[in-house]
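Just below is one structure, and these are the notes that go with it.
The values are calculated or read from the model by the stated rules, or taken from the named source; none is laboratory data. These figures come from a predicted structure and were not determined experimentally. All Cβ positions, glycine included, derive from the backbone under ideal geometry; neighbour counts span all protein chains shown. The accessibility values were calculated without ligands, DNA or RNA, using every heavy atom of the protein model including side chains. Shrake-Rupley method; radii C 1.70, N 1.55, O 1.52, S 1.80 Å.
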Amino acid sequence: MSQTTEFARLLDNAARTATATRQIDPEGRLTLAQAYAIQSELVKCREARGEQRVGVKMGFTSRAKMVQMGLSDVIWGRLTAGMQIEEGTTVDFSRFVHPRCEPEIAFILKKPLAGHVTGPQALAAVEAIAPALEIIDSRYENFKFTLPDVIADNASSSGFVIGPWSDPHIDFSNLGLTLNIDGRVAQVGSTAALLGHPLRSLVAAARLAAEADEPLQPGWVVMAGGATSAEWIKAGQYISVDMERLGSAGFHLSAASSDTK
Ligand code: 0L1
Ligand code: MG
């Protein structure tokens, strides 16, 4: 078995069983290409179990996070149908290792999008935009990882929730938003935190997906990245985002025996 397959299976197993695992590259020796190859194989494991590919997520899209990680570019991960949590529903807490949640804006595409595109070209491919939440749940013990680790681990992505879709031809460059836990405001931010304008995240998604020979497809969702810091979330909580002009999205975490996690 190749090392790529070995690491992909390790991470897939950790995600499936919601069990933290050791880092695969604690010294950060793998190249980004090797890390993305592991991610690709990890997502193929999900597809082999019948999960459909439904889009991409962008990560480290705030300048602050990029600087913190010593990065000059954003990272990305792959979304599958099994990761989507219907708005307003309850998700079993035991499916996560140690989840955190961040507010985002999501795009849904009406046309393919690939390569080096301009902002207006990217916007022309967008069917609609929506407030959204991403659940990030690193499969590594203590949420500790190097850059290749986190890329291989599908950029920590574990779930996503999408609110009501709106016409993308409004100015969504600087929409105020809050991340709320049980109705209390936990984070305040703006869509401008995403590279200055969320459309830049979509432009980056088109470039990175094309480099991987996986052009963005009509019907795909692009999660544009966290607009605030992520918050730890616990069993029994209701987590929501309220976004100026676009509305709200939320989900419940079951208060299961997994309370002790
Ligand atoms: O910004 C992102 O969605 C990347 C998340 C990976 C880092 C983390 O798990 O905090
Ligand atoms: Mg995110």
**Prompt:** Residue check: is ILE181 away from ligand 2 (no atom under 14 Å from the Cβ), under 22 Å from VAL203 (Cα atoms) and either among the aliphatic types (A, V, I, L, M) or free of Cβ contacts under 8 Å to residues at least 24 places away in the same chain (or both)?
**Reply:** no
**Message:** Condition first: over 22 Å from VAL203 (Cα atoms) and either within 16 Å of ligand 1 (Cβ to nearest atom) or of a type in the set (Asp, Glu) (or both). Can you find one or more residues in segment 101-116 that meet it?
**Reply:** yes
**Request:** Looking for whichever is of a type in the set (S, T, N, Q), more than 14 Å from ligand 2 (Cβ to nearest atom) and assigned to a loop (DSSP other than H, G, I, E, B) here; the options are SER138, SER173. Which one fits?
**Result:** SER173
**One residue from PRO112, PRO103 being in contact with a strand residue (DSSP E or B) (Cβ under 9 Å, 6 or more places away or on another chain) and either within 16 Å of ligand 2 (Cβ to nearest atom) or among the aromatic types (Phe, Trp, Tyr) (or both)** = PRO103
**Request:** With the condition kept exactly as written, say whether any residue in segment 43-51 is away from ligand 2 (no atom under 15 Å from the Cβ), in contact with a helix residue (DSSP H, G or I) (Cβ under 6 Å, 6 or more places away or on another chain) and under 17 Å from GLN217 (Cα atoms).
**Result:** yes
**Message:** Among the residues of segment 103-119, what is the count of those that are buried (at least 22 other Cβ atoms within 10 Å of the Cβ) and either modelled with pLDDT under 95 or not small (Gly, Ala, Ser) (or both)?
**Reply:** 6
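Of all the residues that make up segment 211-227, how many are within 12 Å of ligand 2 (Cβ to nearest atom) and touching a Pro at 6+ places or on another chain (Cβ under 6 Å)? Lay out the reasoning, then the answer.
Residues of segment 211-227 within 12 Å of ligand 2 (Cβ to nearest atom): 222-227.
Next, from what is left, pick out any that are touching a Pro at 6+ places or on another chain (Cβ under 6 Å): 224, 227.
Counting residues in segment 211-227 that are within 12 Å of ligand 2 (Cβ to nearest atom) and touching a Pro at 6+ places or on another chain (Cβ under 6 Å) gives 2.
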**Complete:** With the first residue restricted to segment 135-146 and required to be over 11 Å from ALA20 (Cβ atoms) and touching a residue at least 40 places away in the same chain (Cβ under 8 Å), and the second required to be within 10 Å of ligand 1 (Cβ to nearest atom) and among the hydrophobic types (A, V, I, L, M, F, W, C), Cβ contacts under 6 Å at 6 or more apart or on different chains are ILE136/ALA230
**Prompt:** Can we say GLY189 is open to solvent by 10 Å² or more (accessible area, probe 1.4 Å) and in contact with a strand residue (DSSP E or B) (Cβ under 6 Å, 6 or more places away or on another chain)?
**Reply:** yes
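For segment 1-35, which residues satisfy the criterion of being assigned to a helix (DSSP H, G or I) and in contact with a Pro (Cβ under 9 Å, 6 or more places away or on another chain)? Before the answer, list the steps.
Looking only at segment 1-35, we keep the residues that are assigned to a helix (DSSP H, G or I), and these are 3-17, 32-35.
Within segment 1-35, LEU32, GLN34, ALA35 qualify.
Can you name every residue in segment 64-85 that is open to solvent by 20 Å² or more (accessible area, probe 1.4 Å), more than 21 Å from VAL126 (Cα to Cα) and either among the small types (Gly, Ala, Ser) or away from ligand 1 (no atom under 12 Å from the Cβ) (or both)?
Taking segment 64-85 first, the residues open to solvent by 20 Å² or more (accessible area, probe 1.4 Å) are 64-65, 67-73, 81-82, 84.
Those left that are additionally more than 21 Å from VAL126 (Cα to Cα): 64-65, 67-73, 82.
Selection gives ALA64, VAL67, GLY70, SER72, ASP73, GLY82.
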